[in-house]
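Everything on this sheet refers to the single structure shown next.
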Amino acid sequence: MSVHPNKPSQPHAELAQQFNKDEDRVNWHDETLWWIRQKRDKAAWSVPEWEWLRQTASDIKAHVLSNMHDLLTQFEAQALANGAIVHWAADAAEHNAIVHRILQENKVQQIVKSKSMLTEECGLNEYLHEHGIDVVDTDLGERIVQLAGETPSHIVLPCIHWKKEEIGELFHQHLHTPKGNADPQYLTGAARIHLREKFLTRKVAITGVNFAIAETGEVVVCTNEGNADMGTHLADVHIACMGIEKLIPQRQHLGVFTRLLARSATGQPITTYTSHFRKPAPGRQLHIVLVDNGRSRQLGREAFRNSLKCIRCGACMNTCPVYRRSGGHSYKYAISGPIGSILAPNLDMRKHADLPFASTLCGSCTNVCPVKIDIHEQLYQWRQELYKEGLAPKGKAVSMKMAGWLLGKPALYRFAGKAARTVLRLAPFMVKNSLNPWYKQREMPAPPKQSFSEWYAKNKKA
Amino acid sequence: MSSRSKILAQVKANQPASVALPGLELPAHAAQWDALQKFVETLSGIGGRVIRILPGEDVTATLLHAFDANSNILNVSATVQGFQALPDAAFEEPALLQNVDIALMDAAFGVAENGAVWVTEAQYKLRALPFICQHLAVLLPQQELVAHMHNAYQKVQAIGQYDFGVFIAGPSKTADIEQSLVLGAHGPKTMTVFLLP
Ligand code: SF4
């Protein structure tokens with residue numbers, strides 16, 4: 001299944017290597033994301049009960065995953081009672097066909113859409129485009145990549161890989177802004193005018209869903225720009241597309257998730273808008289499309305089940321040393337970075353076999369994840385699976401097998417660290433070889449003469 | 001078999017044994033704030049403006065003073081009288097509101113930890129209003145502040161059911177162009193909260 005015909009199909013490592021050719025750009029990308037990671041840290045540290053929030057969120061989601069059948073039917077019954085129309089889609093193709101049918105029923109050819117990673121996952125834009133529907137993405141970052149004929153490279157920051165001068169040039173071509181103007185304030189203003197016209201005239205608006213509440217049948221959408229609200233409240237028809245894992249049991253659980261989401265994503269205390277859609281406005285339609293697309297299968301894979309807890313905050317990407325230095329497009333899947341590397345092989349193991357290897361298994365993703373998904377352990381599990389299936393990529397298979405063996409043996413791990421430091425000082429060529437793909441295009445940092453544990457052992461006596 | 005039954009059957013077959021819901025009591029070391037101070041600090045920090053109305057102060061005069069004299073003000077607040085009313089035609093065609101400079105409405109309560117206010121459609125009448133206006137002005141009694149989102153949702157429950165409700169925290173904004181923060185993405189360019197005594 002090729003849901004992203006416009007995305008390249010080379011292996012991650014090759015695409016990452018291409019991304020790494022422009023060193024200044026990679027450094028800039030790396031630093032920008034790290035800066036966002038630091039903002040997240042500051043926001044998290046400002047809440048003393050942060051770890052309690054993470055654990056509680058994780059536990060609520062564990063409840064959801066283990067009661068999904070009943071919560072889904074409860075949600076459906078409530079949503080219907082509220083006057084919403086509920087659709088069920090087994091896969092991406094059915095999701096796209098449902099959306100298209102709603103558009104046909106309403107005789108609409110032009111629509112606005114706010115950010116929805118689910119519709120990216122389903123390739124909705126391409127599908128509707130092929131059927132003659134004009135889709136305007138209204139999140140600024142998404143509009144930028146759409147004008148450029150690309151897809152988002154990050155789930156929260158869709159055009160994080162674009163420089164303002166390039167956006168200025170893109171807007172000059174498409175929105176006729178003056179050539180050479182790359183001022184973010186000015187360009188955002190131009191986009192505001194361009195998109196207002198769309199909001200005011202489009203009759204159907206598609207949104208994603210951040211949370212769906214079983215108890216009340218409402219869907220909650222979080223944005224900073226206000227584009228989901230501008231789209232839906234000015235349209236006659238709102239289509240909300242959601243993966244079935246977006247459920248939470250009760251409204252009060254939002255208290256936990258709204259405290260975690262924006263802080264984890266960008267370091268904000270909350271998104272500007274947290275909109276609760278319970279009933280359609282009088283005389284208007286609210287459609288909710290519940291999409292499986294591999295989720296019920298993932299639910300049955302014990303080792304990967306927890307990946308369904310994801311609230312799509314993007315923190316694992318911002319912190320990932322591989323993501324930061326390879327860019328979102330190198331993952332060839334709508335959800336990139338560490339969590340995408342767990343979700344993608346569930347859909348197509350063969351096609352995405354290289355992704356679980358695009359990680360150093362450093363565990364930073366697991367440490368920042370607001371719902372405590374054991375991301376790096378699942379990546380390691382995927383490697384085992386792929387290895388068994390004979391799908392592990394060649395060069396990496398050897399070193400990663402070694403890594404797995406080492407990680408399971410803490411004492412050896414410490415010893416190997418010592419050995420590696422010696423090797424790095426005496427024979428750096430042994431580390432910078434083709435068995436170690438992450439050292440491509442970069443010099444290794446000078447190894448510390450002592451590891452932390454050696455230093456600690458020596459200094460605690462003093 | 002319909003997709004609905006197929007999905008539900010597979011979910012049922014694959015879901016693990018039920019895990020109980022956790023309790024939501026905050027731990028003893030949870031943050032505590034002076035709600036008023038924290039609210040003002042946080043909302044100002046995310047680009048909002050807070051104006052405190054003193055006892056006996058003329059709210060209308062302060063409102064007028066806070067905005068450009070040439071701007072039109074559409075008022076759906078029950079707290080102050082005057083200004084323009086919501087035109088009936090806007091219910092049919094909300095796009096008519098595109099030239100509203102300032103929308104003035106009451107908020108039910110505010111949240112100290114993040115500077116958000118809770119407003120519902122029943123309160124402000126027309127869903128599109130707080131988003132389509134160029135500037136948003138909100139009236140909020142200063143005793144209606146809760147510490148954090150857990151209390152906020154308790155309060156939401158206590159107020160009662162809504163068709164549409166939203167937490168709004170500051171002006172609409174984006175940082176999609178090289179992470180430079182720009183206030184005024186698609187919704188209001190500014191948000192002012194008038195704290196009533
Ligand atoms: S896996 Fe965790 S950190 Fe990554 S996007 Fe999902 S919720 Fe955020």
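Laboratory data are not the source of any read-out in this text; all were calculated from the coordinates shown. What you see is a predicted model, and the numbers here were worked out from it, not measured in a lab. For neighbour counting, all protein chains shown are included, and Cβ atoms are generated from backbone atoms with ideal geometry for every residue, glycine included.
When chain B is treated as a Gaussian network with alpha carbon springs shorter than 10 Å, the biggest mean-square fluctuation among B:30, B:185, B:66 belongs to B:30.
Take every DSSP beta bridge whose two residues both sit in the protein assembly as shown; close to 30 percent of them are antiparallel. Between the helical axis of B:149-159 and the longest alpha-carbon principal axis of chain B there is an angle of about 80 degrees. The ranking of A:296, B:77, A:359 by Cβ neighbour count inside 10 Å, starting from the fewest, reads B:77, A:296, A:359.
Here the average projected area of the convex hull drawn through the C-alpha atoms of segment A:201-283 stands at 5.7 nm².
Helix B:3-14 and the longest principal axis of the C-alpha atoms of chain B enclose an angle of approximately 60°.
When the inverse distances between all different Cα atoms of segment A:76-123 are averaged and flipped, the Kirkwood radius reads 12.2 angstrom.
Rounded to whole Å, give me the distance from the Cα center of segment A:30-71 to that of segment A:224-291. Answer, in whole Å: 18. For chain B, DSSP calls about 30 percent of its internal beta bridges antiparallel. In plain terms, if you count all Cα to Cα distances in segment A:112-196 and split them into 5 Å steps from zero, the share in each step is 3, 14, 26, 25, 17, 11, 4, 0 percent. Here the Kirkwood formula puts the hydrodynamic radius of segment B:109-164 at 12.2 Å, using every distinct Cα pair.
A dipole drawn for chain B from +1 and -1 charges on Cβ atoms has a positive end, and of B:28, B:95, B:8 the residue lying farthest that way is B:8.
The Rg/Rh ratio for segment B:69-197 is 0.97, where Rg is the radius of gyration of the alpha carbons and Rh is the Kirkwood radius. The H on the amide N of residue B:184, modeled in the peptide plane, is under 5 Å from the matching H of B:172, B:173, B:174, each at least 5 residues off or on a different chain. Proximity of backbone amide H atoms, modeled 1.01 Å from N, is registered between residue A:206 and A:112, A:113, A:114, A:239 at under 5 Å, excluding neighbours fewer than 5 places apart on the same chain. Over segment A:128-175, all Cα pairs binned in 5 Å intervals from 0 give whole-percent P(r) values of 5, 21, 30, 23, 13, 6, 1, listed from short to long. Springs join every pair of Cα atoms under 10 Å in this Gaussian network model of chain B, and among B:47, B:187, B:56 the largest mean-square fluctuation is at B:56. The aspartates and glutamates within cross-link reach of residue A:39, meaning a Cα-to-Cα straight distance under 14 Å and a gap of 8 or more places when in the same chain, are A:31. Here's how it looks for residue A:243: its modeled amide H is under 5 Å from those of A:291, which are all 5 or more places away or on a different chain. Relative contact order for segment B:33-196: 29 percent, from Cα pairs under 8 Å spaced at least 6 residues apart, divided by residue count. Quick one: grab the alpha carbon gyration tensor of segment A:259-307, order the square roots of its eigenvalues as a ≥ b ≥ c, and give me rounded if a/c is under 1.5, else prolate or oblate depending on whether a/b is larger than b/c. Verdict is oblate for segment A:259-307.
In the protein assembly as shown, Rg over Rh equals 0.97, where Rg is the alpha-carbon radius of gyration and Rh the Kirkwood radius from pairwise Cα distances. Taking every residue in A:276-284 and counting other chain Cβ atoms within 10 Å of its Cβ, the average works out to 5. Restricting segment A:162-248 to GluC sites (Glu not before Pro) that sit in a DSSP loop and have at most 16 other Cβ atoms within 10 Å of their own Cβ leaves A:215. Across segment A:47-293, the relative contact order, built from alpha-carbon pairs under 8 Å that are at least six residues apart, equals 28 percent. Sorting the segments A:73-85, B:140-152, B:16-28 by their residues' average number of neighbouring beta-carbon atoms within 10 angstrom, most packed first, yields B:140-152, A:73-85, B:16-28. For segment B:1-159, the spherically averaged projection of the C-alpha convex hull amounts to 15.2 nm². The order of the peptides A:86-93, A:312-319, A:207-214 by mean Cβ neighbours within 10 Å, most packed first, is A:312-319, A:207-214, A:86-93. For the residues of B:152-159, the average number of beta carbons from a partner chain within 10 Å of their own beta carbon is 3.
In segment A:47-293, the alpha-carbon atoms span a convex hull of 123 Å³ per residue. Working from the Cα coordinates of segment A:18-107, the gyration tensor eigenvalues give, after taking √(5λ), semi-axes of 38, 27, 13 Å in decreasing order. With the charge dipole of segment B:33-196 set up from +1 on Lys and Arg Cβ and -1 on Asp and Glu Cβ about the Cα centre, the Cα lying farthest toward the positive end among the listed residues B:85, B:195, B:61 is that of B:195.
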